[in-house]
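K.L.:
The structure's right below; bear with me while I get my questions together.
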Amino acid sequence: MTIDDVSARVHSLMPGVIGDLEELIALPSVAFPGFPAEPVERMAQRTLEILREAGVPNAHFADVPHGYPPIYGEVRGPEGSPTVVLYAHYDVQPAPESQGWTTDPWTATHRDGRIYGRGAADDKSGLVSILGTLRAFDGNFPCTLRIIIEGMEETESNLEEFVDAHPDLFACDLFVIADMGNLRVGEPVMTTALRGDVSCTVTVRTLEHPLHSGVYGGPSPDAMMALARLLTTLQDDAGDVTVEGVTGGAWDGADMAEEDFRAGADLLPGVSLVGTGTIADRLWAKPSINAIGIDTTSIADSSNVILPEASAKISMRIVPGADPQAELDALVRHLSTHAPWGAQVEVTPIKAAPPYRVDTSGPGYAAAREAMAQAFGKPAGEAGSGGSIPLVQTLHDASPGAEFVLWGPEDVALARVHASDESVDPDEIERIIVAQVLLLNSLARPEASPSGTPTHATD
């Protein structure tokens, strides 16, 4: 099939693809603890049904010991053809009213050429891009495809355990992770780096019990103030991370324009960006650190007392090439040794999720980059992602010889993933489907297959 043939075929399928996306946005598949299970289960069941309808009749719920199940299926290509794993996830972030949505997050809303709703981009757009790709072949697949749709990517994933227990199901030549996006609409990039994520909680104690702030205030150290001072030691005045022993560097690929970053971040008037280096350096090649939660007395429950204890949850994104355990140890060491006034500090590690650097030297990656260029009509650059997907390292360990392609319809400039008014450009979905169809077709040719000759991965 020529690029014109593929483009025409995919274009004819887009009304159905967008219909699927609108239907799926209406299912509040928030897999976090405390949220109702019924909408997530409906989303899982509907995803299973449309995946079977799209050409994967043996798609089924994977047997996992806890949580919402991943969906797994396989379709065979010609004998000896490469094996490709296509990945997306069906769960989404919460969409609380406090985020300030201007439309109902569970109703697909078309505005200014985009589709708004929770999960419209992350990652129901990736999911429907896989459905569109499957339909484009009408059952005549050029490669063997293994489909994995995760149900708990946004929370405590159970898929990594499943991969570890069943590595044979993930043996392949190429993984295509449809949970990324271009920096801006119509400007193709291949994602080649993912930051990792380490986190911990820190508790600061200064007193045996609360004290009257008038009678004892002044000499008595306030735990909340001590915690605040401790947190300020994590960054210098410019906003760069000051934790000794943490890895950082410079990004040598495509940069992100400051105006694009600001457009997505919605900084308040007068608020400056923090850190040094290019935007790309700060997002993809340098660590970042945030206090993402805090436990103390609420304003509503406060009274004139000095607090004896306060806690915070700290998340630090780490760069490709860094050892997550060593980075977490450095963070714990810093927090344990920088509290003021002799305050007692207890640090509890939570997780050490690895970063990932994509190997761009293989023929599978080259074929994907060419497919991307054809689909978008211009050369594809390379960019990183400040987000983390620990699953990628798990998949790498399960199939060490496989290559990775990370892309998708979630443009960074406007998609606002995890925030209010999340949206996707339907043209990006269409172009990604075209790229995936072109990639699979090209992999079926011996000169373009990841192994150099079309050989089926071990079953």
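K.L.:
Counting pairs on different chains as well as pairs 8 or more places apart, how many Lys pairs in the chain have Cα atoms under 26 Å apart?
P.N.:
On the way: Lys124/Lys378; Lys286/Lys313; Lys286/Lys351; Lys313/Lys351.
Lysine pairs meeting both conditions in the chain amount to 4.
K.L.:
Among Ile289, Phe170, Trp407, whose Cα projects farthest towards the positive end of the dipole of the chain, with charges put on the beta-carbon of Lys, Arg (+1) and Asp, Glu (-1)?
P.N.:
Of Ile289, Phe170, Trp407, it is Ile289.
K.L.:
Can you give me the long-range amide H partners of Ala343? Hydrogens built in the peptide plane at 1.01 Å from N, cutoff under 5 Å, separation of 5 or more residues or another chain.
P.N.:
The answer is none.
K.L.:
In nm, to one decimal, how far is the modelled label at Val215 from the one at Asp138, with both set 7 Å along Cα→Cβ?
P.N.:
A separation of 8.5 nm, rounded to one decimal place.
K.L.:
Find which of Gly218, Val241, Leu159 sits farthest along the positive direction of the dipole of the range 147-259, computed with +1 on the beta-carbon of Lys and Arg, -1 on that of Asp and Glu, about the Cα centre.
P.N.:
Of Gly218, Val241, Leu159, it is Gly218.
K.L.:
Still on this structure, please answer the following. Tilt of helix 363-376 relative to the longest C-alpha principal axis of the chain, in degrees (0 to 90, nearest 10)?
P.N.:
90
K.L.:
In terms of modelled amide H atoms, which long-range or inter-chain residues lie less than 5 Å from the amide H of Leu211?
P.N.:
Hits under the 5 Å cutoff: Ile306.
K.L.:
Would any residue of the range 266-297 have its amide N under 16 Å from a label point 7 Å out along Cα→Cβ of Glu187? List them or say none.
P.N.:
Output list for this probe position: 278-284.
K.L.:
How high is the FRET efficiency between Thr360 and Asp323 when r is their beta carbon distance and R₀ equals 25 Å, given to the nearest 0.05?
P.N.:
For Thr360 and Asp323, the calculated efficiency is 0.70.
K.L.:
Kirkwood hydrodynamic radius of the range 190-240 from all distinct Cα pairs, in Å? Before the final figure, lay out each step's value.
P.N.:
Details: mean 1/r = 0.0695 Å⁻¹.
So the Kirkwood estimate lands at 14.4 Å.
K.L.:
Which peptide among 239-245, 318-324, 118-124 comes first, and what is the full order, when sorted by highest mean count of other Cβ atoms within 10 Å?
P.N.:
118-124, 318-324, 239-245
K.L.:
Could you state, as a whole-number percent, how many of the C-alpha pairs of the range 82-201 are farther apart than 16 Å?
P.N.:
Every Cα pair in the range 82-201 considered, those over 16 Å come to 72 percent.
K.L.:
Here's a follow-up. For the pair Ile350/Ile292, report the inter-label distance in nm, with labels modelled 7 Å from Cα in the Cβ direction.
P.N.:
Those two pseudo-labels are separated by 0.6 nm.
K.L.:
Evaluate the distance, in nm, between pseudo-label points positioned 7 Å from the Cα of Asp237 and of Asp5 along their respective Cα→Cβ axes.
P.N.:
Reported label-point gap for Asp237 and Asp5 is 6.5 nm.
K.L.:
Go through Ile279, Tyr72, Thr144 and say which Cα lies farthest out towards the positive end of the charge dipole of the chain; charges sit on Cβ, +1 for Lys and Arg, -1 for Asp and Glu.
P.N.:
Ile279
K.L.:
Something else: May I ask you to work out the translational diffusion coefficient for the range 262-343 at 4 °C, viscosity 1.567 mPa s, via Stokes-Einstein with Rh from the Kirkwood sum over Cα pairs, reported in whole µm²/s?
P.N.:
The estimated diffusion coefficient comes to 80 µm²/s.
K.L.:
At 25 °C and 0.890 mPa s, grab the translational diffusion coefficient of the range 319-459 from Stokes-Einstein with a Kirkwood Rh over Cα pairs, rounded to a whole number in µm² per second. Present the calculation step by step, with values, prior to reporting the outcome.
P.N.:
On the way: Rh = 18.5 Å.
Roughly 133 µm²/s, to the nearest whole number.
K.L.:
Treating only the Cβ atoms of Lys and Arg (+1) and Asp and Glu (-1) as charged, compute the dipole magnitude of the range 302-459 about its Cα centre; round to the nearest 20 debye. Please list the in-between numbers first.
P.N.:
Values: 10 positive and 20 negative charges, 57 e Å.
Roughly 280 debye, rounded to the nearest 20.
K.L.:
Which angle between 0 and 90 degrees, to the nearest 10, do you get for helix 426-443 versus the longest principal axis of the chain when only C-alpha atoms count?
P.N.:
Taking Cα atoms only, the helix is inclined about 60 degrees.
K.L.:
How large is the dipole of the range 240-288 about the Cα centre if only Lys and Arg carry +1 and Asp and Glu carry -1, each at its Cβ, rounded to the nearest 20 debye?
P.N.:
120
K.L.:
I'd like the projected area of the chain, averaged over all directions, using the convex hull of its alpha carbons. Report it in nm² with one decimal.
P.N.:
Computed as one quarter of the Cα hull surface, the answer is 22.8 nm².
K.L.:
For a quick size check, give me the Cα extents of the range 1-109 along its three principal axes, largest first, whole Å.
P.N.:
So the three principal-axis extents are 51, 38, 19 Å.
K.L.:
About the Cα centre, and with charges only on the beta carbon of Lys, Arg (+1) and Asp, Glu (-1), how big is the dipole of the chain? Nearest 20 debye, please.
P.N.:
Computed about the Cα centre, the dipole is about 260 debye.
Quick note: the coordinates plus some simple rules give every number you see, no bench work behind them. Not measured: the values here are computed from a predicted model. Cβ sites come from the backbone with ideal geometry, for glycine too, and all protein chains shown count toward neighbours.
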